[in-house]
Amino acid sequence: MTSGSLSRYEPVEPPEPRGARTEVSERSRGVALGLAIVGGLFGVHRFYAGRIQSGIWMCVTFGGMGIWYVCDIIVVAAGDFRDGDGRRVARWEVSDAVRDAVTGPSASQRRVSDLEDRLLGLESQVGELAERLDFAERLLAQARERGSLPKA
């Protein structure tokens, strides 16, 4: 058969199973669930997930008169909710960037920043010492020119 249609003898690639997409959003499912419970009637969890248009519709319809609100809570809790890029919001933990913004830097990050501060302090002290040494050398050179110091 040359017409471009498949014959019943040619192998056909099976369609991708529904759960085969492994792309997972960096957004937290726990945060999305909390926002869905507290502000779900206004679509707050949809704004968080990057689904702005449906968030606006949810806000206008008060969560589809509560039906859309309840469905979204179930979908988010089950882990099938998708963000604006089509990735599943499945992680319970909060991403590192959000955690740092809320709780502040971790202990290792604080140590690194302390070491950087100390290094900057040492750098300024070395610069100051270099200026003092240069000044002392100029004074000695002037004293030698006047002849008040014996030549070595």
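The condition (being within 24 Å of the chain's Cα centre (by Cα), in contact (Cβ under 8 Å) with a residue 12 or more places away in the chain and in a helix (DSSP H, G or I)) is satisfied by just one residue among 39, 63, 30, 50: 30.
Taken over region 48-74, the criterion of being surrounded by 14 or more Cβ atoms within 10 Å (Cβ to Cβ) and under 13 Å from residue 34 (Cα atoms) is satisfied by 48, 49, 69, 72, 73.
Let's see how each residue does on (1) under 30 Å from residue 41 (Cβ atoms); (2) at pLDDT 90 or above; (3) not polar (S, T, N, Q):
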| site | (1), (2), (3) |
| --- | --- |
| 75 | yes, yes, yes |
| 93 | yes, no, yes |
| 105 | no, no, yes |
| 109 | no, no, no |
| 125 | no, yes, no |
| 128 | no, yes, yes |
| 131 | no, yes, yes |
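The values are calculated or read from the model by the stated rules, or taken from the named source; none is laboratory data. Since we're looking at a predicted model, the values are computed, not measured. Here the Cβ is made from the backbone with ideal geometry for all residues, glycine too, and neighbour counts use every protein chain on show.
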